[in-house]
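Data block below; observations after.
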Amino acid sequence: MRRIVSLLLENESGALSRVIGLFAQRGYNIETLTVAPTEDRTLSRLTLTTQASDDQIEQITKQLNKLIEVVKLVDLTEGEHVERELMLIKVRAGPERAEVKRTADIFRGQIVDVSPDTYTIQLAGTSEKLDAFIRALAVTAVLEVVRTGVSGVSRGDRILAI
Amino acid sequence: MLSGADILIRSLQEENVEHVFGYPGGAVLHIYDALFKQNRIQHLLVRHEQAATHMADGYARATGRPGVVLVTSGPGATNAITGIATAYMDSIPMVIISGQVQSHLIGTDSFQETDMVGISRPIVKHSFLVKSAEDIAEAIKKAFYIATTGRPGPVVVDIPKDITNPMDLVPFEYPEQLTMRSYNPATRGHPRQIKKAVAMMMAAERPMIYAGGGVIQGNASEQLSRLTRMLGFPVTLTLMGLGAFPGTDKQFLGMLGMHGTFEANNAMHHCDLLLAIGARFDDRVTNTISKFCPHASIIHVDIDPASISKNVVADVPIVGPVEWVLNEMLTEVDAKLPERTDKQQRMLKEWWAQIEGWRRQECLKVVPSKDGKTIKPQQVIQALYRHTEGKAIVTSDVGQHQMFAAQYYAFDKPRKWINSGGLGTMGFGLPAAMGIQIAYPQEQVVCVTGEGSIQMNIQELSTCSQYGLPIKIINVNNRALGMVKQWQDMQYEGRHSHSYMDSLPDFIGLAEAYGHVGFQVTELSQLDDVLERALAMTDRLVFVDVLVDPEEHVYPMHVAPNGSMRDMWLKKGVRT
């Protein structure tokens with residue numbers, strides 16, 4: 001089952017490699033990964049998605065918690081949560097320009113760059129929505145896809161903070 | 001104001017470090033100069049950095065204090081890797097200080113540069129790349145704290161040469177307190193879980209205690225012994241746990257696992273309650289996981305939450321320091337024991353009767369050779385036990401001799417049996433013995449090894465000469481990589497692919513070349529006499545080369561794959 005693990009990490013060199021190394025070393029997989037500093041510059045927020053059974057995710061979170069630089073973590077998929085992924089997608093925009101524009105509008109995407117032959121569209125949403133948008137663009141040629149990976153936050157009062 | 005090198009040395013002194021095991025080189029020259037100018041810390045020069053790590057490791061295992069290693073960058077650091085991994089697998093507190101090339105050269109493939117933090121990452125509890133002289137003291141403080149608390153382990157501190165420069169002086173103050181928001185090892189167990197566990201113990205009909213190295217690391221042998229005796233339960237120990245409960249006690253069923261005793265493995269298989277303490281359900285213990293202890297409810301006490309329910313799901317997990325948890329259990333058991341019913345007492349008696357039946361199998365009975373001359377490897381350990389009265393600190397290497405030592409030398413106290421269990425590192429025994437002898441100059445330290453293992457760090461005989469370490473090396477010499485050969489006999493129709501040692505050195509001559517004493521034993525009749533003479537030479541290293549029966553296998557041995565705990569080979573061609 002797909003899991004979203006979100007963690008607060010000391011913003012130190014080498015901390016990220018320990019997290020990634022753990023996954024490689026113990027044979028867990030990482031599907032997406034996103035990391036950036038938080039409002040507290042000493043902390044980074046790292047979010048990753050992985051496929052894991054209940055037993056596996058328990059081991060993964062325990063092993064992650066053992067890393068000295070991991071301050072706190074949460075499996076967002078355990079509760080209600082909001083997740084978003086950002087995509088920049090560059091597509092051929094020739095005779096089918098209008099159709100591409102309409103599709104982008106339907107998905108609430110924004111065209112952020114235009115050239116005589118291309119559109120670059122920005123789209124945010126769940127990973128499924130992004131997948132659906134790519135499928136919907138079958139009328140044209142997709143030239144380049146850049147996805148940030150999933151970020152997420154728990155719904156309501158639950159927060160991940162120190 | 002001090003230089004980075006002096007700060008490092010002062011910090012080690014603040015941590016009450018008395019011995020550092022190491023080898024100099026370009027990147028640590030400033031540090032070695034600072035070492036030279038002081039006399040509180042003794043440095044011991046090895047002949048290969050791997051040996052420095054094993055010395056520090058043996059020192060830590062025997063004393064409970066962290067071992068300290070100092071190596072240079074590049075090859076110095078990479079040579080230390082095997083020893084760091086060895087310590088990591090057995091949760092040994094160790095601080096490894098590695099030199100690094102100058103900060104501005106990092107990342108340029110400069111001379112003797114290697115990414116030590118990167119290379120060691122999967123085999124350390126934590127690591128630091130120190131960026132400035134001002135940061136050295138705090139890094140050392142943290143390194144010792146992390147290495148010795150919670151589940152112990154090795155910590156690497158990588159120090160670029162330029163920040164130890166004697167010309168650059170910075171203020172020094174050793175931090176008194178540490179606050180680490182992201183590292184808070186458990187200091188106590190959950191009281192309700194402990195109560196629940198004790199209630200289960202009181203209700204159990206076929207209880208079993210299974211304890212491991214965590215009891216030794218956690219200094220809880222005393223508590224384990226009291227609990228076991230109070231409850232009257234049978235107890236087994238892992239390879240790493242030997243000595244945590246007296247090996248000569250009737251309640252001890254012997255070691256369990258792949259080469260565990262018939263009674264211990266059977267009791268494990270048939271028990272209805274398993275109390276696992278400081279043990280991690282290693283694959284060399286459990287045999288096929290799905291067939292492991294099919295009737296048992298499992299209580300698992302461990303300091304490391306990730307060890308619990310990793311391989312085998314625990315019904316009652318208790319995360320906490322073993323000593324603390326066992327103390328609580330003792331109080332609770334003391335209160336509940338009078339409530340134990342006659343029926344339960346009767347069941348326990350029946351359980352013991354069943355165990356005594358398994359014991360009558362005498363699975364470790366040694367059959368002497370027919371010719372009366374050929375020495376069985378087991379007889380070597382038995383003789384060693386007699387002549388040391390079971391009181392020596394025994395290190396071992398890895399292979400058949402290690403298993404024989406574990407099976408036939410009954411350890412009554414913790415920290416007397418020192419071996420590489422998790423990683424299984426050949427070459428560990430001699431340097432580990434050296435580290436122990438440094439810590440305890442008056443103790444009798446014996447290294448049980450084989451002609452394969454000893455050659456993996458034989459150069460350390462030179463270090464032994466330098467520091468006058470009177471270790472007794474018992475070389476159980478079967479002219480073969482015995483354990484490999486045993487598996488080839490059993491699983492590869494006897495094709496001995498590269499398991500023979502057909503160009504062995506003259507070990508006696510070799511020992512003598514390093515300034516030591518060497519004896520060879522070729523016949524059983526000489527064994528007692530030679531061992532007695534060797535052990536009597538308390539101020540000399542004696543290398544005793546014992547030629548043993550090369551055909552001997554280690555039994556019992558788990559039937560694998562797909563066997564359960566009770567499926568064992570008992571001798572050649574005979575299985576349960």
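The values are calculated or read from the model by the stated rules, or taken from the named source; none is laboratory data. Given the structure is predicted, the values throughout are model-derived calculations rather than measurements. Note that each Cβ is placed from the backbone with ideal geometry, even for glycine, and that neighbours are counted across all protein chains shown.
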Checklist entry - How many residues does the range B:433-457 hold that are in a helix (DSSP H, G or I) and out of contact with any helix residue (DSSP H, G or I) (no Cβ under 7 Å at 6 or more places or on another chain)? => result 3
Item to check | All positions within the range B:493-526 that are buried (at least 18 other Cβ atoms within 10 Å of the Cβ), out of contact with any strand residue (DSSP E or B) (no Cβ under 6 Å at 6 or more places or on another chain) and assigned to a helix (DSSP H, G or I) | outcome: B:Leu510
Checklist entry - Only one of B:Val542, B:Val521, B:Val530, B:Val484 is within 14 Å of B:Gln400 (Cβ to Cβ) and modelled with pLDDT of 95 or more; which? => result B:Val484
Checklist entry - Which of the following residues is surrounded by 18 or more Cβ atoms within 10 Å (Cβ to Cβ), away from chain A (no Cβ under 14 Å) and within 29 Å of B:Asn478 (Cα to Cα): B:Val367, B:Val394? => result B:Val394
Item to check | Residues satisfying the stated conditions in the range B:5-35, i.e. aromatic (Phe, Trp, Tyr), closer than 17 Å to B:Tyr467 by Cβ and out of contact with any Leu (no Cβ under 6 Å at 6 or more places or on another chain) | outcome: B:Tyr23
Next on the checklist: Within the range B:183-278, considering only helices (runs of 4 or more DSSP H) that don't extend past its boundaries, which have at least 2 residues that are more than 24 Å from the chain's Cα centre (by Cα) and at negative phi?
Outcome noted: B:191-203, B:221-231, B:262-270
Next on the checklist: Looking at the structure I just gave you, is B:Val574 crowded, with 17+ Cβ neighbours inside 10 Å and either more than 25 Å from the chain's Cα centre (by Cα) or within 30 Å of B:Ala433 (Cα to Cα) (or both)?
Outcome noted: no
Checklist entry - If you check B:Ala199, B:Ala186, which single one turns out to be within 14 Å of another protein chain (Cβ to nearest Cβ) and surrounded by fewer than 20 Cβ atoms within 10 Å (Cβ to Cβ)? => result B:Ala186
Checklist entry - Where in the range B:1-64 are there helices (runs of 4 or more DSSP H), lying fully within it, with 2 or more residues that are under 24 Å from B:Gly421 (Cβ atoms)? => result B:49-63
Item to check | the range A:124-141, residues that are part of a helix (DSSP H, G or I) and of a type in the set (Ser, Thr, Tyr) | outcome: A:Ser127
Next on the checklist: Criterion first (within 16 Å of the chain's Cα centre (by Cα), of a type in the set (Val, Ile, Thr), surrounded by fewer than 19 Cβ atoms within 10 Å (Cβ to Cβ) and over 18 Å from B:Met456 (Cβ atoms)) does B:Thr108 satisfy it?
Outcome noted: no
Next on the checklist: For a quick check of your reading: which strands (runs of 3 or more DSSP E) sit entirely within the range B:67-153 and have at least 3 residues that are more than 14 Å from every other protein chain (Cβ to nearest Cβ)?
Outcome noted: B:67-71, B:94-100
Next on the checklist: Step by step: first the residues of the range B:282-325, then only those that are assigned to a loop (DSSP other than H, G, I, E, B) and in contact with a Gly (Cβ under 7 Å, 6 or more places away or on another chain), then the one that is nearest to the other protein chains (Cβ to nearest Cβ). Which residue is that?
Outcome noted: B:Ile303
Next on the checklist: Can you list residue pairs whose Cβ atoms sit under 6 Å apart, with the first residue in the range A:144-162 being more than 20 Å from A:Thr32 (Cβ to Cβ) and the second being not in a strand (DSSP E or B)? Count only pairs 6 or more apart in sequence or on different chains.
Outcome noted: A:Arg155/A:Glu80
Item to check | Answer from B:His516, B:His558 - the residue that is farther than 15 Å from B:Ile471 by Cα, in contact (Cβ under 8 Å) with a residue 40 or more places away in the chain and not charged (D, E, K, R) | outcome: B:His558
Checklist entry - Is there a residue being touching a residue at least 40 places away in the same chain (Cβ under 8 Å) and not in a loop (DSSP other than H, G, I, E, B) anywhere in the range A:104-113? => result no
Checklist entry - For the range A:71-116, which residues satisfy the criterion of being under 15 Å from A:Ile4 (Cβ atoms) and loosely packed, with under 15 Cβ neighbours inside 10 Å? => result A:Glu78, A:Gly79, A:Glu80, A:Val82
Checklist outcome for this item: Per the filter on the range A:1-58, residues in a loop (DSSP other than H, G, I, E, B) and touching a Ser or Thr at 6+ places or on another chain (Cβ under 8 Å) are A:Met1, A:Asn11, A:Gly14, A:Tyr28, A:Asn29, A:Ile30, A:Glu31, A:Thr38
Next on the checklist: Checking the structure you have, find out if any residue of the range A:67-90 is more than 13 Å from every other protein chain (Cβ to nearest Cβ), in contact with a helix residue (DSSP H, G or I) (Cβ under 9 Å, 6 or more places away or on another chain), among the hydroxyl-bearing types (Ser, Thr, Tyr) and part of a strand (DSSP E or B).
Outcome noted: no
Next on the checklist: Being without any contact (Cβ under 8 Å) to a residue 12 or more places away in the chain and closer than 28 Å to A:Glu83 by Cβ is the requirement here; does A:Ile134 meet it?
Outcome noted: no
Next on the checklist: Here's a check for you: in the range A:30-66, which residue that is within 10 Å of A:Asn11 (Cα to Cα) and surrounded by fewer than 18 Cβ atoms within 10 Å (Cβ to Cβ) is farthest from the other protein chains (Cβ to nearest Cβ)?
Outcome noted: A:Ala36
